[in-house]
1. What full-extension length gain, to one decimal in nm, is calculated for S131 and T52 as 0.36 nm per residue of separation minus the Cα-Cα distance?
2. Roll a 1.4 Å probe over the protein heavy atoms and report the accessible area of E70 in Å², nearest 10.
3. Would you mind getting me the FRET efficiency between M310 and S150? Use the beta-carbon distance for r and R0 = 45 Å, nearest 0.05.
4. Compute the separation of the alpha-carbon centres of the stretch 86-107 and the stretch 268-312 and state it in Å as a whole number.
5. Rounded to the nearest 0.05, what FRET efficiency do N276 and Y247 have when you use their Cβ-Cβ distance and R0 = 35 Å?
6. Please turn the phi angles of the stretch 84-93 into ³J(HN,Hα) values with the Karplus equation 6.51 cos²θ - 1.76 cosθ + 1.60 (θ = phi - 60°), one per residue in order, whole Hz, x for glycine and proline.
7. Under 15 Å from a point 7 Å along the Cα-to-Cβ line of A223: which residues of the stretch 22-50 have their amide N that close?
8. Starting from the 7 Å offset along Cα-to-Cβ, what nm value, one decimal, do you get for the label separation of T12 and D62?
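The values are calculated or read from the model by the stated rules, or taken from the named source; none is laboratory data. These figures come from a predicted structure and were not determined experimentally. Please note: Cβ atoms are built from the backbone with ideal geometry, for glycine as well, and neighbour counts cover all protein chains shown. Side chains included, ligands, DNA and RNA excluded: accessible areas come from the protein's heavy atoms. Shrake-Rupley method; radii C 1.70, N 1.55, O 1.52, S 1.80 Å.
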Amino acid sequence: MKSFAHTSQINTANMIRKDIRALSSYHVADASGMIKLDAMENPFTLPPSLRTAWQAVVSEVDINRYPDSEMHGLRAQIAMRDRVIPEQVLLGNGSDEIIQMLLLATGSGTVMTPAPSFVMYEMVAKWLQRSFFTLPLGKNFALDAEQFLSACAREKVTLVFLACPNNPTGNMWEREALQTICHRFNGLIIIDEAYAPFASRTHTDLLAPNVMILRTFSKYGWAGLRLGYLLGSVSFIHELNKVRMPYNINSLTQASASFLLQHDDLFQMQARMICNERKRVSDALKELPGIHVFPSEANFLLLRVADASMVFEQLKRENILIKNMHGSDPALQQCLRITIGTEGENKQLLAAMRRIYHG
Ligand SMILES: Cc1ncc(COP(=O)(O)O)c(C=O)c1O
């Protein structure tokens, strides 16, 4: 590393805010050479003929130019798919970016989520020095609307994130509970439907001036493109757009997504295959002694075992990477989260689990 003689005494790390220095950065485990069942990706690569057609589309993109900043074409496609108007759609570089925009643009009131839930809500809230409150979920990770509403009032909450299906628990909350919260809470409600492709229902019908739906294509098969979107009221989307980085969706992603949306049926079929595999893997895991598999409407399963770290490490030794949730929340003691893979990957996972349990 080059040394800068006259400034070598300056500690630049100290120039970073103290509360930021106290954080840990988002950890992504090294998965090289492993069966990757840790990040809720779609395990299917593009079929060869579609890949060739997609490459032709991408090769036409003029990367010397900035992307289309307003993304009229792509927003119109998404709007049509979700039966809203394009002015109700805001695109983000992953839904993570939209979470950041929401927390940046919505003032200083308290943000609340049930716990455990998706870690980025709290992480971004901390970056932006927002006050953040979590309400523990009930038995079997149920959401109690009355408890939730009284916590909102007590903590002076202005913004809530409700991931449904929830990550990392995988369950859907009762529609009635969500409906009650949407009808009685006057702040902003973001229903995060990252796992909608695998769920038995969505909540677009709950859209209201203060109720928005957040979605992503990451779990649908395009995690590498980084594309998420928010559906909301025209006036809210108009205002939120003011904190969107210019050109936040690059040209290659725009062209790819526009093209791939014309092949939606393929990705819907893959989602159905993942749901079938979810049932098969869940049933097989339940046969093993001492494992509790929680019901899931997402593309992953949450399980409780006797010793999560032991199972995690043993699978790692067999080149299978899952996520150890133990220690991340009091309700996730001895819990593991396993993304559903291809049939072949799931077979290898189940064989490895049987070896761990039966020797
Ligand atoms: C509930 C939930 N919301 C949002 C995201 C972020 O997705 P994206 O890849 O679009 O940033 C995730 C990713 O795991 C998630 O689980």
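1. 23.6 nm
2. Counting only protein heavy atoms, E70 exposes about 80 Å² to solvent.
3. On the way: r = 40 Å, r/R0 = 0.89.
About 0.65, to the nearest 0.05.
4. If we compute the Cα centre of each part, the gap is 32 Å.
5. Details: r = 39 Å, r/R0 = 1.13.
Efficiency, from the Cβ-Cβ distance: 0.35.
6. Coupling constants for the stretch 84-93: 10, 9, x, 5, 8, 10, 10, 9, x, 6 Hz.
7. 27-46
8. It works out to 3.7 nm between the two label points.
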